[in-house]
Amino acid sequence: MSAAGSVREQALPAGWELVVGLEVHVELSTATKLFCGCANRFGDEPNTNVCPVCLGLPGSLPVANASAVESAMSLGRALGCEVRGAVFARKNYFYPDMPKDYQISQYDQPTNIDGRLELPDGRTVGIERAHIEEDTGKTTHIGGGGRIHDADHALVDYNRAGVPLVEIVSRPDIRTAEEARAFVRELRAILLAVGASDARMEEGSMRVDANVSVRPAGSDELRTRCEIKNLSSLRSLGRAIAYEAQRHVGLWSGGERPRQETRHWDEANGRTTPGRSKEDADDYRYFQDPDLVPLSPTPEVVAAIDAALPPLPAARRAALIEDCGAELSAVDAAVLVERDQDALVRAAVAAGAPPALTATRVCNDLAVEDWSKVTPQLLAELMAMESAGQVTATQAKQLMAEMADSGEAPAAIAERRGFKAMATDDLDTILQRVIADNGDAWDRYCAGDENERKKLAGFLTGQVMRATRGQADGSAVNRLLQEKVDRN
Ligand code: ZN
Ligand code: MN
């Protein structure tokens, strides 16, 4: 097996427990940057969205972007944080992509503290803080395979310098790699809901660092952790955590201890490699930025932010399950909310659509890419046709695709294409013939236990489908079979 394939997210050896905290940097989707009027836009020509402020030229002065601050506060409230008075601080370090040689961030007085994020399965992960800071520029190393040591030269794009970020720091409450992924997915859903960010990992507008350590199961100590930087997909996040945890267990078990350090995830080889040993906060020589006034949100400001918060994913999942009933699984509810289709399903249900069927169809219909033309009324109409047996499940699927394409009413499409499920009488005649031709199967069906019945129902339905060239409605055949057994 290749090295890349060998990293499985297997559980840790018995007696060990995984401890993960995440730090997520999110770019806010404001029109302009955090401290100047330059456009905040991904993908423009390099160094076109720059000015003296974001280039750090002497004498330029930053002014905080009110909409970025509000957006960060909304996110904080959506995460259940306390929004407090905050101070911007200079975090000093020397990288070429930081034209000022310091990053404006928040240190001991961040905007948001002490929140929580509820995962779809009901577990809660604490949020320590969510502070505002500016992004750096982007360095590209040319030559030497893109690595800094062998590179010919480096190019710096300052379009990203000064773009507003929120850094969300979780508490070390995450216990599995899958839970880490669920955290990021849920955070993304919250970001989209409040409109704070487009949260695209692949474009770098959401970047995840994972602090990983292990400890004897059941203890509450925190052992030395390693920080894995810049995980750029959910897949990498899960694999990197799993690898790193196994590495720590190996070290501790062999009488060694991990070094506290920053590590990089090597996707190709499926392992982490050491980076710089982690700076302590002292190394950054934080101090209050004298060019910026503290942020002092009044209770009225916070109340207005709360009032403007949209329904959040956890509440939307609960409402969807409430409307659709217990048949809708938590997983499907999470998928629908994540895809922003819960409102469509709920409105269709309100318009009379059968709840469980509608939720399942919308959740599983991957043939439809663009749902914008599927109105709740059209969806309700189609689902009513299917559940009444007027069209088969297969036909309903085709109708869904065509309806999404054209926005035409499903009844009209069905009419034009000659779709209709067979009338029950015709179906009954055909079913009787199938039963007569397959007497043995029918007898075993009648006498069988639940499992046997399921199997034979599938067989008999298949025969009916063959005889009708797929025009029959499978659930109607099942219903008829059941009726016949009951009468027997
Ligand atoms: Zn600028
Ligand atoms: Mn940061």
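Only one of ARG90, ARG77, ARG41 is out of contact with any helix residue (DSSP H, G or I) (no Cβ under 6 Å at 6 or more places or on another chain) and away from ligand 1 (no atom under 15 Å from the Cβ); which? Steps first, answer last, please.
Details: ARG77 fails: out of contact with any helix residue (DSSP H, G or I) (no Cβ under 6 Å at 6 or more places or on another chain); ARG41 fails: away from ligand 1 (no atom under 15 Å from the Cβ).
When all the criteria are applied, what remains is ARG90.
Annotation: GLY56 fulfils all but one of (1) surrounded by fewer than 15 Cβ atoms within 10 Å (Cβ to Cβ); (2) at pLDDT below 95; (3) over 30 Å from VAL249 (Cβ atoms); the unmet one is (1).
Table: residues versus (1) assigned to a strand (DSSP E or B); (2) in contact (Cβ under 8 Å) with a residue 60 or more places away in the chain.
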position: SER74; (1), (2): no, yes
position: GLN103; (1), (2): yes, no
position: LEU117; (1), (2): yes, yes
position: ASN159; (1), (2): no, yes
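Only one of these is outside the structural domain of GLU118 (by TED's automatic domain parsing) and not in a helix (DSSP H, G or I): LEU366, LEU357. Name it.
On the way: LEU357 fails: not in a helix (DSSP H, G or I).
That would be LEU366, the only listed residue that is outside the structural domain of GLU118 (by TED's automatic domain parsing) and not in a helix (DSSP H, G or I).
When each of ALA404, ALA396 is tested for being in a helix (DSSP H, G or I), among the aliphatic types (A, V, I, L, M) and out of contact with any helix residue (DSSP H, G or I) (no Cβ under 6 Å at 6 or more places or on another chain), the lone residue that passes is ALA404. Within segment 414-442, the set of residues being buried (at least 19 other Cβ atoms within 10 Å of the Cβ), free of Cβ contacts under 8 Å to residues at least 40 places away in the same chain and part of a helix (DSSP H, G or I) comprises ALA414, VAL434, TRP442. With respect to the conditions (1) under 30 Å from ILE321 (Cβ atoms); (2) part of a helix (DSSP H, G or I); (3) away from ligand 2 (no atom under 16 Å from the Cβ); (4) of a type outside the set (D, E, K, R), VAL69 falls short on a single one, namely (1). Quick one: in segment 13-49, of everything that is within 16 Å of ligand 2 (Cβ to nearest atom) and in a strand (DSSP E or B), which residue is farthest from ALA193 (Cα to Cα)? It comes out as GLY21.
Looking at ALA151, ALA180, which is the one that is modelled with pLDDT of 95 or more and either buried (at least 24 other Cβ atoms within 10 Å of the Cβ) or part of a loop (DSSP other than H, G, I, E, B) (or both)?
Within the list ALA151, ALA180, the selection yields ALA180.
ARG239 - would you say it is buried (at least 22 other Cβ atoms within 10 Å of the Cβ) and in a helix (DSSP H, G or I)? Give the derivation first.
Details: buried (at least 22 other Cβ atoms within 10 Å of the Cβ): yes; in a helix (DSSP H, G or I): yes.
Yes; evaluated as a whole, the condition is true for this residue.
Number of residues in segment 323-344 that are touching a Lys or Arg at 6+ places or on another chain (Cβ under 9 Å) and either free of Cβ contacts under 8 Å to residues at least 12 places away in the same chain or among the hydrophobic types (A, V, I, L, M, F, W, C) (or both) equals 7.
The values are calculated or read from the model by the stated rules, or taken from the named source; none is laboratory data. In this text the structure is predicted, and so the values were computed from the model without any measurement. Here the Cβ is made from the backbone with ideal geometry for all residues, glycine too, and neighbour counts use every protein chain on show.
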